[in-house]
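Presented below is the structure to which this report refers.
The values are calculated or read from the model by the stated rules, or taken from the named source; none is laboratory data. Because the structure is predicted, anything quoted here is derived from the model rather than measured. Note: ideal-geometry Cβ built from the backbone for every residue, glycine included; neighbour counts use all protein chains shown. Ligands, DNA and RNA are excluded from the accessible area calculation, which covers all protein heavy atoms including side chains. Shrake-Rupley method; radii C 1.70, N 1.55, O 1.52, S 1.80 Å.
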Amino acid sequence: MVYPKDSKAAGTEETIMKIESIVGKTDGIGAVCEGINGEGPIVNDFGGLPESDKEMAIPEFQALLDKMPSCKIMTISPHVDKKSGYQRIKLLLERGIVPSLGHDRVATDEEILGALRLAPSTQFHITHLCNVCNFHHRTPSLVNFGLTEEFPQIPEYNGLDKPPSIEVIGDLRHVHPLTISAILKARHFSNIAFISDCTAESKPGQKVHYNNREMQVSDDGKCLYVSGTDTLAGSCCSVMDAFKSLIDVFKVNVAEAAAMVSETPARIAKLDHIGKIEVGKRADLLLFDDKVTLQKTMVAGKVVYSK
């Protein structure tokens, strides 16, 4: 979910209420909303997001969180929140919401470490690695942290447990396949969520009006741009597309590919009841043939699709 500048506007509050009303409901006809992944409002660089109140006062930020008891993850800029002594990240940690560092092209090593040291044994997350964040070989920023499976044994990283987990948009447009290949070699699959970032149907040329802006689906139907610009505003691929890319393009084995689109994202979001085929977990299952063609879909043990 995103938060336009006036997050007290009726439209934003109405959207939050609607989402909260359906969280966890298994009606037997399709996907289940498991909570809110907040992208903002405390971000330094908007990218394709609508402009938000990135300097939102602490009481107002707290009131926003109060409206979202089902918020699981929230993107937050370490560069911006350092100015408040990381008060907003502290609020997320107190509520059990996973802080996801992102939408920050200028975050320094010191600012990122300051955030991580708030809870040294807690694994933070990084929002859509490589998008709206930077890498430099001498002055580390978010991408450097996202490529790290173990912190180097030097004093500035002492006391920190695990580097942040990451998510990678799997439409092969937001992140180039060469870069994805390098990421898959650098990080263990249990720390990578391979996501869709889907915001529109794959209808080439279709225009979408969203938050007083016009978006347009690319000619190949793979992603969404802010009309008249080269600013990406989302993908048009599905998690199924991302899963198949892992297998077909990057030659990841089926078990690890499945983990990156199910088990790992569920663990990152602290959704203990889903993500694995295990006694006590909810039976949300996909059945494929040997060519990885979907045959059946089950939600909460009920067949909702059969080829």
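Annotations for the structure displayed:
- Mean separation of Cα contacts under 8 Å, 6 or more apart, over the residue count of the range 150-291: relative contact order %: 19 percent
- Its Cα gyration tensor gives the range 56-166 an equivalent ellipsoid, and the semi-axes of that ellipsoid, as √(5λ) in whole Å with the largest first, are 23, 15, 13.
- The count of lysine pairs in the range 212-307 with alpha-carbon distances below 20 Å, taking only pairs 8 or more places apart or on different chains, stands at 13.
- Length-normalised contact order of the chain in % [C-alpha pairs under 8 Å, at least 6 apart]: 12 percent
- Relative contact order for the range 77-171, counting Cα pairs under 8 Å that sit 6 or more residues apart, in percent: 28 percent
- Helical contribution to [θ] at 222 nm, DSSP H n ≥ 4, -39,500 (n - 2.57), averaged over the chain, rounded to 500: -7000 deg cm²/dmol
- Using a probe radius of 1.4 angstrom, the carbon and sulfur fraction of the accessible surface of the range 168-251 is 51%.
- Of LYS25/LYS185; LYS5/LYS90; LYS25/LYS67, those spanning more than 27 Å from alpha-carbon to alpha-carbon: LYS25/LYS185
- Protection proxy ranking for 124-133, 220-229, 280-289, 168-177, using the average of other Cβ atoms within 10 Å per residue and placing the highest first: 124-133, 168-177, 220-229, 280-289.
- Nearest-20 debye value, the chain charge dipole, Cβ charges on Lys, Arg, Asp, Glu: 480 debye
- The equivalent ellipsoid that matches the C-alpha gyration tensor of the chain spans semi-axes of 28, 24, 21 angstrom, in descending order.
- All other residues whose Cβ lies under 12 angstrom from that of ASP248 are scored, Lys and Arg at +1 and Asp and Glu at -1, for a net of +2.
- Virtual spin-label span in nm between LEU285 and GLN153, 7 Å along Cα→Cβ: 4.6 nm
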